[in-house]
């Protein structure tokens, strides 16, 4: 019984990943793609948690932590890259004046 | 006792299914909403809630039915709960600084007036001096 429900939730989670993938491919701005990458990482984390429960093992819980940390660091680095690029241009203009 | 454990398993599986549905809802918002900021709202909030539901369900199952208390899973719950809003906030700020336009039916933009005030008083001072008579 619980295995059927877990399989159904795996299917729903993979649908969510597909939706985020659509936004990742189509997104008009860079921030859209970053937000959808963040959502894909978080959905993958949930998928790994459900797989842990399906296999009745704790072996993959480290993977949850690693995916969470990598998603956060990746999102932060991309956002800083966009923002700091603009800020550095402003600083160059200030020095040129 | 048998029916109690069946009910517990069923409720935990329903919790996980509800979390997965919240994740799908956030993906739906990510597809359908018209703006970067609204999409970031959908992606951050409901995905966090859904993943928290899923992880809490897995933690409860391990604790009640397999007699294993997984501290790493608790750590993962706390980590996602803390870092996901930070990532969303950074992403939204980067989008605004980059100049991504708002939705044309947005009615209010407070950051615009704050940023123009900051550039008018000069970017050398980090914050504008309060009640300075020369600045008027």
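When the residues of segment B:42-94 are filtered to those that are at the interface with another protein chain (Cβ under 9 Å from one of its Cβ atoms) and outside any helix (DSSP H, G or I), the one that is nearest to the chain's Cα centre (by Cα) is B:70.
The residues on offer are B:25, B:10, and the sole one that is over 16 Å from the mean Cα position of the chain (by Cα) and either facing chain A (nearest Cβ under 9 Å) or part of a helix (DSSP H, G or I) (or both) is B:10. Contact annotation: residue pairs with Cβ atoms under 8 Å, 6 or more positions apart or on different chains, pairing a residue in segment A:54-78 that is more than 7 Å from chain B (Cβ to nearest Cβ) with a partner that is surrounded by fewer than 13 Cβ atoms within 10 Å (Cβ to Cβ) and part of a helix (DSSP H, G or I), are A:54/A:3; A:54/A:7. Out of B:70, B:46, B:26, B:5, report the one residue that is farther than 21 Å from residue A:80 by Cα, surrounded by fewer than 16 Cβ atoms within 10 Å (Cβ to Cβ) and touching a helix residue (DSSP H, G or I) at 6+ places or on another chain (Cβ under 9 Å). Going through B:70, B:46, B:26, B:5 in turn, the sole match is B:5.
Where a number appears in this text, it was derived from the coordinates with a stated rule and is not lab data. Everything numeric in this text was worked out from a predicted model, so none of it was measured. Using ideal geometry, Cβ is built from the backbone for each residue, glycine included, and neighbour counts are taken over all protein chains shown.
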